[in-house]
Amino acid sequence: MSAEPTPGPTPDADAAQPFVMARRAARMNPSIIREILKLTQRPGVISLAGGLPAAELFPVTVLREAADRVLRDTPHQALQYAPSEGHDPLREWVAAHLAAKGLPVSASQVLITTGSQQGLDLVGKVLIDAGSAVAVESPTYLGALQAFAPYEPRLVELKGDARGPLPGALAAARGARFAYLLPNYQNPGGGCVPAARRLALADAARDAGVPLVEDDPYGELWYDEPPPPPLAGRWPEGTVLLGSFSKVLVPGLRLGYVVAPPALGARLLQAKQACDLHTPGFNQRLVHEVIRTGFLDEHLPVVRARYRERRDAMQRALAAHLGAGWRWATPQGGMFFWLEGPPGLDTMESLARAVAQGVAYVPGIAFYPDADHAPRNRLRLSFVTVDPSAIEQGVARLAEALALGAGDRPAPVRVAPAATL
Ligand SMILES: Cc1ncc(COP(=O)(O)O)c(C=O)c1O
């Protein structure tokens, strides 16, 4: 479960430097990720590790032309300090976009953030006291665990099944400051919570008085049919919804948003002011200039088609190269396959071997709130970053590295699309 608060400041290993680290510093950036990032940067390695959008789909010309217009028409406003809440036309766009999905929110509830990652940090800062319970899926988004960790929560794992977290688990989490949920194409699990389960989850959360933090960076990346409406629609007063432009447009402009009920929204705004005053106004105007006339309606089908092709390529490669004892669900959206290997496999231990073979992945234990008791035979593969031939080659190398690709290859065991394996 969560690490217990440690008693005092963390002495630094380097005695020559005078800085004494705050206790929370020791909770930041687990070394596992640093190691993986280092490894994936080696030349010749096909990285199926990071959740990086396909860079060749970035609409560079459209952005350049929009940047010219912003700098021509509103140069001083775009480059001046800006309101902490965000650029009003962009907030209005977000509100209209959510309304079209059946979530009526007012633009005044929308706080533009520096990526949705900042939204997670602000939520943690405003809602978590040291030792307070926070309910999370297991596995869940590593970046959320990192964002919450410095605030010293006591993490409570929500039990789930193939459809997502169990409503009964939310009832059991009574007293938690919030439950952090990823209903659309979970990272890392890939599952999408069905409509009926969403309603049951929101109702159970409301009955138990456990607020929801609904993180939705992947909802637009659907490959078969759009996901059901957000949980926030069922219990708007008790839900904070986080969204992002990273996966639908570009991640480098660092634009996301948080939609919160008014009292909480006011606190999140204060926390953001202390954090960065505001999200870059130029970036906000630039993105608004790009999307205001419906660019995403043309762009998203292109992204979906490309990612669907890559998902299918990875599905084929996994079926061809991985042997018996491997299980996975084909994701209906998002960016990841979540694999369960044979018992006895340790994906953390095998990573160095895989990198030596020229392929990188993220070992499953990175995504568990309680890494010490996590299953060690899971791993996450991203299918969006590289093209189908690299996917095929990467999966072939993976199978070889894990010593399970050669020889007799019975058909893999498949399981239905699932929130968790
Ligand atoms: C589930 C989830 N939430 C939030 C984020 C943060 O996204 P960003 O800060 O780029 O909006 C990510 C990034 O991969 C993610 O997977």
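The values are calculated or read from the model by the stated rules, or taken from the named source; none is laboratory data. What you are looking at is a predicted structure, and each value in this text was computed from that prediction instead of being measured. Using ideal geometry, Cβ is built from the backbone for each residue, glycine included, and neighbour counts are taken over all protein chains shown. The area values use the complete protein model at the heavy-atom level, side chains included, leaving out ligands, DNA and RNA. Shrake-Rupley method; radii C 1.70, N 1.55, O 1.52, S 1.80 Å.
Do we have any residue at all in region 275-283 that's open to solvent by less than 20 Å² (accessible area, probe 1.4 Å), within 16 Å of the ligand (Cβ to nearest atom) and of a type in the set (Gly, Ala, Ser)?
No; the residues of region 275-283 include none that is open to solvent by less than 20 Å² (accessible area, probe 1.4 Å), within 16 Å of the ligand (Cβ to nearest atom) and of a type in the set (Gly, Ala, Ser).
Which one is farthest from Val94 (Cα to Cα), of the residues in region 184-224 that are surrounded by fewer than 19 Cβ atoms within 10 Å (Cβ to Cβ) and touching a residue at least 60 places away in the same chain (Cβ under 8 Å)?
Among those residues, the one meeting the criterion is Asp224.
Please count how many residues of region 98-137 are open to solvent by 30 Å² or more (accessible area, probe 1.4 Å) and either within 15 Å of the ligand (Cβ to nearest atom) or within 13 Å of the chain's Cα centre (by Cα) (or both).
Of the residues in region 98-137, 3 are open to solvent by 30 Å² or more (accessible area, probe 1.4 Å) and either within 15 Å of the ligand (Cβ to nearest atom) or within 13 Å of the chain's Cα centre (by Cα) (or both).
Does region 295-315 contain at least one residue that is in contact with a helix residue (DSSP H, G or I) (Cβ under 7 Å, 6 or more places away or on another chain) and either among the polar types (S, T, N, Q) or without any contact (Cβ under 8 Å) to a residue 40 or more places away in the chain (or both)?
Checking region 295-315: not a single residue is in contact with a helix residue (DSSP H, G or I) (Cβ under 7 Å, 6 or more places away or on another chain) and either among the polar types (S, T, N, Q) or without any contact (Cβ under 8 Å) to a residue 40 or more places away in the chain (or both).
Specify which of the listed residues (Pro167, Pro227) is touching a Cys at 6+ places or on another chain (Cβ under 6 Å) and either open to solvent by less than 40 Å² (accessible area, probe 1.4 Å) or more than 25 Å from Gly115 (Cβ to Cβ) (or both).
Pro227
Leu63 fails exactly one of the following numbered conditions: (1) open to solvent by less than 80 Å² (accessible area, probe 1.4 Å); (2) in contact with a Ser or Thr (Cβ under 8 Å, 6 or more places away or on another chain). What is the number of that condition?
Looking at each condition in turn, Leu63 falls short on (2).
Going by what's in this entry, would Gly265 be described as within 23 Å of Gly124 (Cβ to Cβ), part of a helix (DSSP H, G or I), in contact with a helix residue (DSSP H, G or I) (Cβ under 9 Å, 6 or more places away or on another chain) and among the small types (Gly, Ala, Ser)?
Taking the combined requirement at face value, the residue satisfies it.
Only residues that are within 14 Å of the ligand (Cβ to nearest atom) and in contact with a Pro (Cβ under 9 Å, 6 or more places away or on another chain): list them for region 165-192, please.
Leu181, Leu182, Pro183, Asn184, Tyr185, Gln186, Asn187, Pro188, Gly189, Gly190, Gly191, Cys192
Give just the number: which of (1) away from the ligand (no atom under 14 Å from the Cβ); (2) in a strand (DSSP E or B); (3) closer than 27 Å to Gly50 by Cβ does Pro150 not satisfy?
It is condition (2) that Pro150 fails.
Is it true that some residue in region 231-241 is away from the ligand (no atom under 11 Å from the Cβ), assigned to a helix (DSSP H, G or I) and charged (D, E, K, R)?
Looking through region 231-241, at least one residue is away from the ligand (no atom under 11 Å from the Cβ), assigned to a helix (DSSP H, G or I) and charged (D, E, K, R).
Taking into account only those residues within region 83-97 that are open to solvent by 30 Å² or more (accessible area, probe 1.4 Å) and either in contact (Cβ under 8 Å) with a residue 40 or more places away in the chain or away from the ligand (no atom under 16 Å from the Cβ) (or both), which is nearest to Arg234 (Cα to Cα)?
Per the stated criteria, the residue is Ala96.
Take Arg304 and tell me if it is in a helix (DSSP H, G or I), within 24 Å of the chain's Cα centre (by Cα), modelled with pLDDT of 95 or more and of a type outside the set (Gly, Ala, Ser).
yes
What pairs come out if I take residues in region 347-358 that are over 13 Å from Ala399 (Cα atoms) and pair them with residues that are of a type outside the set (A, V, I, L, M) whose C-beta lies under 6 Å away, six or more apart or interchain?
Here the result reads Met348/Pro363, each pair linking region 347-358 to a residue that is of a type outside the set (A, V, I, L, M).
Do we have Gly143 as at pLDDT below 95, within 11 Å of the ligand (Cβ to nearest atom) and not in a loop (DSSP other than H, G, I, E, B) here?
yes
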